[in-house]
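All remarks here apply to the structure that follows.
The values are calculated or read from the model by the stated rules, or taken from the named source; none is laboratory data. Since this is a predicted model, take the numbers as computed values, not measurements. Positions of Cβ are backbone-derived with ideal geometry, glycine not excepted, and every protein chain shown enters the neighbour counts. Ligands, DNA and RNA are stripped out before the accessible areas are found, and what is left, the full protein with its side chains, is counted by its heavy atoms. Shrake-Rupley method; radii C 1.70, N 1.55, O 1.52, S 1.80 Å.
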Amino acid sequence: RPLPRPPAPYARRGTAFHRWLESRWGQQRLLDLDDLPGASDEGAAADGQLEALQEAFEASDWADREPSDIEVPFETLIGDRLIRGRMDAVFRAEGGGYEVVDWKTGRPPSGEEARVAGVQLAAYRLAWARLAGVEVERVSAAFHYVAANVTVRPADLLDEEGLTELLGRIPSA
């Protein structure tokens with residue numbers, strides 16, 4: 001049986017940043033860094049970039065906004081596949097809609113990697129629409145790359161039919 005590996009520095013950084021955002025918005029921590037495998041190992045603390053990420057976030061347009069919900073767990077069927085995840089934050093949008101935001105602590109991807117990343121947002125968008133009981137067209141989704149202070153809102157997110165077709169091409173386990 002394989003043994004769990006301690007989180008990589010990038011994962012630790014992301015977890016520390018998400019924990020900071022939860023406390024910033026007055027939410028309970030879902031996961032403490034000390035609870036992660038390998039946390040007692042030397043070097044288990046965030047890689048020294050957390051303060052820079054916090055400063056970058058506070059300089060972003062998102063700093064002055066209040067989310068409707070954060071760390072939203074979901075479980076939804078897309079076609080015949082059960083998809084589970086956790087949305088980082090959901091904000092009210094103008095006109096009564098919503099915007100699901102996924103915080104990223106790494107660099108913004110480009111090209112094909114950026115297009116593929118949009119599948120995650122498409123699933124989040126569909127899941128939030130179902131949770132909120134609204135039409136999927138009233139939900140937008142974005143990645144915010146914190147260090148770069150760049151928000152990416154793909155215009156061509158897959159709808160339910162597109163996600164179902166894409167997932168149907170992946171063999172079942």
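Below is a table of values for the structure above.
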| item | result |
| --- | --- |
| Order by protection proxy (mean Cβ within 10 Å, highest first), peptides 59-70, 97-108, 128-139 | 97-108, 128-139, 59-70 |
| Net charge of neighbours whose Cβ lies under 15 Å from the Cβ of Thr164, counting Lys and Arg as +1 and Asp and Glu as -1 | -1 |
| Accessible-area composition of segment 115-173, carbon plus sulfur, in percent [1.4 Å probe] | 55 |
